[in-house]
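Here is the structure we will look at.
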Amino acid sequence: MAFLPATLSDLINNSLSPGELDVVIVTGDAYVDHSSFGTAIIGRVLEAEGYRVGVLSRPDPDDVEVFRLFGKPRLAYLVSSGAVDSMVSSYTANKKPRSEDEYAPGGNPALCLRADGSIGPGVRGRGNARPDRAVIHYATMCRQAYKGVRIVIGGIEASLRRMAHYDYWSDKVRKSILLDSKADVLVYGMGERQIVEILRRLRAGDKNAAASETDQRKTLLSAGDRQLAPPTEVDFSGIRGTVWPKHVGAIPPGVLSQKFPDALILPDFDSLAGADPQSKLKFQESFALQYKNTDPFSAKRLVEPYGDRIVIQEPPAFPLDRKALDAVYALPYQREAHPMYKELKGVPALAEVKFSLLSSRGCFGACSFCALTFHQGRQINSRSVEAIVEEARLLTTMGDFKGYIHDVGGPTANFRRSACKKMETKGACSDRRCLSPEPCPNLEPDHREYVRLLRELRSLRGVKKVFVRSGVRFDYAMQDSSEDFLRELVEHHISGQLKVAPEHVSDKVLALMGKPPRQSYDAFAARYASLNRERGLKQYLVPYFISAHPGSGLKEAIELAEYLRDTGFVPDQAQDFYPTPGTLATAMYWCEANPLDDKPVYVAKGAHERAMQRALLQYTAPANADLVREALIAAGRQDLIGTDARALVRPGGQSAARGNAPQHRRR
């Protein structure tokens, strides 16, 4: 099985000519045909449904001719920024341009696909060929290439910007990306079901296509479908997991609710787009309604007014069941980057996932700073043990497989089933989290199937080691009455260190993060150390912390620094809080309040205070000494400036305190 057509020579090899593709997927990433990449999944799903699919990967954003490379798609362009929001991909949390892009050819952000089919700098020689707000830019170029062409947007950028949202880089509330891109429909979430139904409707409304290829599409197109309206009137209503626009004229809010009695009417865009306190209250109201309507069992339609237009968000799509999910991951992926990148040493993002196995989707952890609640949802759907083991057998036959499976997991490695029985039939609770601030009494932690999966994988011929790297929710593991998972994890699935994410140590900040209290992590760390001692192993915990998260002031940052001093841990890397679209924490950052209870939240917005909090997280670095001293003085904690063991930094003019961390604990 070949790659999906991504070059003109690919078209020829598939006996196709420009203009004969049903859909062209436009993506900001280099094309990697692996199930860890959304472009490959959507492309292979549509191919399996009988559609002719091409991939226009990382096109030169300034040359419309690139967008004509495959001719006009018969049904639609499918537009995505790639695996990451384009602004997050291109800029650091401090809004500095990134120098590398692991989803670009050879990791070089300047490289793109040019009109002659080669890979190189674009016509304008941009330092980063992935344009800012790539979905909007690519959609505009598609329309320039072919007037009247259908455009469907999706992927993480479209998903998290589907309604009015705060944009950190412009520091304002922006409209739904559906309106700014002028697309026909937006797919949010994972998208397999939605895109198949959207194309079915587009095809049924395309009289020319319906008449010319009935034999090839018998499973997709019935005689009745051919009688639907022409493309200009295709109706996207009722397709779960989509957002679509509608012109309604000047309708007062009360009349709007009568017109859509089954929907929740969000505040109109003009009322929440300002930076004044009243607008932020409206933004809180809107976000809270969206946040509480992310579960497919309970969510309602949402309607967001924009003058004489509205955008309508259909309820989330139900997750694929186990059989369907197995089928998606069994499609004929090449598991390689497209050969056009061979001379550039491929695509760096493939390296970590090439020999990894996805076990599940969704996460009921509901961390405030994580986009999964809005994108994949809290429902867990997992692949069967048998399907994952079969994929592992396939990995062992690959020539460059060295015996190591790099990861077995998902958004949270040890989530493979719903948090409780109620979630399976009625959905996740809209008014509380499953694990924080305390575990729900109805929580049913169970690692038995995951343990069975790990055992079967490591027993395969040719497999030397199976790692678990995608993140373990330690508080969930500690709730399990059986320690089988923790014991097996320690004994078989770690190599020297286990990365975990307590994120902070202040219970005040942790509660806003949606993380368990500090004592939960301390209990896990103690048990982890005990299990390693029992087996005579030297394996360390590597905790991950975020600085300047909403709720964290200098007092809380100093509390974290003292914890690091007392535990002897020196983080080599620190992560500033990054306000990305669609997260609860980002709404807190913008509104300086928690939308779920309207209580005020302290936010470190100034670049200087953010820098001080980050410096406290790495207080042993000599370059941070001045900032650490300034922070301690500002917080009235001069007692931590000195030369004794408690000090975080020495007095001005002296070299920074070295801390108590042994070198082997630096991670």
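Using alpha carbons only, how many degrees (0 to 90, rounded to 10) separate the axis of helix 625-634 from the longest principal axis of the chain? The helix 625-634 is inclined about 80 degrees to the chain. Just to confirm my understanding: which cysteines in the chain have no other cysteine beta carbon less than 4.7 Å from their beta carbon? So, Cys112, Cys142, Cys363, Cys420, Cys429, Cys434, Cys440, Cys591.
Rounded to the nearest 20 debye, the dipole size of the chain about its Cα centre is 580 debye, using +1 on the Cβ of Lys and Arg and -1 on the Cβ of Asp and Glu.
When only Cα pairs below 8 angstrom with a gap of at least 6 residues are kept, region 1-139 shows a relative contact order of 27 percent.
With Cα atoms defining each centre, region 574-641 and region 483-526 are spaced 22 Å apart in the structure.
Here the Karplus curve 6.51 cos²θ - 1.76 cosθ + 1.60, taken at θ = phi - 60°, turns the phi angles of region 172-182 into couplings of 7, 8, 9, 5, 3, 5, 4, 6, 5, 8, 6 Hz, with x standing for Gly and Pro. Around the amide H of Gly410, modelled in the peptide plane, lie the amide H atoms of Ser359, Ser360, all under 5 Å away and 5 or more residues distant in sequence or on another chain. Remark on Tyr602: its backbone amide H falls under 5 Å from those of Gly551, a criterion applied only to residues 5 or more positions apart or on other chains, H modelled at 1.01 Å from N. Couplings for region 473-478, taken from phi via the Karplus curve 6.51 cos²θ - 1.76 cosθ + 1.60 with θ = phi - 60°, read 7, 5, 5, 5, 4, 6 Hz in order; Gly and Pro are left as x.
Could you tell me how many degrees, from 0 to 90 and to the nearest 10, lie between the Cα long axis of helix 192-205 and the main elongation axis, the longest principal axis, of the Cα atoms of the chain? For helix 192-205, the angle is close to 20 degrees.
When region 355-487 is described by a simple charge dipole with +1 on each Lys and Arg Cβ and -1 on each Asp and Glu Cβ, the residue from Gly403, Ile380, Ala477 located farthest towards its positive end is Gly403.
Considering only DSSP states other than H, G, I, E and B, which trypsin sites (Lys or Arg not before Pro) in region 323-373 qualify as loop sites with at most 12 other Cβ atoms within 10 Å?
Working: sites: Lys323, Arg335, Lys342, Lys345, Lys354, Arg361; in loops: Arg335, Lys345, Lys354.
The qualifying sites are Lys345.
Calculated on C-alpha atoms, the gyration radius of region 8-313 divided by its Kirkwood radius gives an Rg/Rh of 0.97. Each Lys or Arg adds one and each Asp or Glu takes one away; over the other residues whose Cβ falls under 10 Å from the Cβ of Val84, this sums to -4.
A protection proxy built from the mean count of other Cβ atoms within 10 Å ranks the segments 495-501, 73-79, most packed first, as 73-79, 495-501. Only DSSP H runs of four or more residues enter the estimate; each adds -39500 (n - 2.57), and after division by the residues of the chain the mean residue ellipticity at 222 nm equals -9000 deg cm²/dmol. A simple charge model with +1 on the Cβ of Lys and Arg, -1 on the Cβ of Asp and Glu and nothing else charged puts the dipole of region 238-385 at about 460 debye relative to its Cα centre. Go through region 437-498 and name the trypsin sites (Lys or Arg not before Pro) that are in a DSSP coil and have 14 or fewer other Cβ atoms within 10 Å of their Cβ. When the trypsin sites (Lys or Arg not before Pro) of region 437-498 are filtered for loop state and at most 14 Cβ neighbours within 10 Å, Arg461, Lys464 remain. Put the Cα centre of region 390-436 next to the Cα centre of region 439-470 and the gap is 9 Å. Hey, got the dipole for region 8-313? About the Cα centre, +1 on K and R Cβ, -1 on D and E Cβ, debye to the nearest 20? Taking the Cα centre of region 8-313 as origin, the dipole is about 500 debye. Positive-end ranking of Val152, Val389, Ala317 along the dipole of the chain, with charges on Cβ about the Cα centre, is headed by Val389.
Near the amide H of Leu111, within less than 5 Å, lie the amide hydrogens of Ala129, all on another chain or at least 5 residues away, with H placed in the peptide plane.
Of all DSSP bridge pairs formed entirely within the chain, close to 40 percent run antiparallel.
Evaluating 6.51 cos²θ - 1.76 cosθ + 1.60 at θ = phi - 60° for every residue in region 321-332, the Karplus couplings come out as 6, 4, 4, 5, 5, 4, 5, 4, 7, 9, 5, x Hz, glycine and proline recorded as x.
Compared with the dominant Cα axis of the chain, that is its longest principal axis, helix 277-291 is turned about 70°.
Bear in mind that the values in this text are calculations on the coordinates, not laboratory data. The model shown is predicted, which means the values in this text are computed figures rather than measured ones. Quick reminder, even Gly has a Cβ in these numbers, built from the backbone with ideal geometry, and neighbours come from all protein chains shown.
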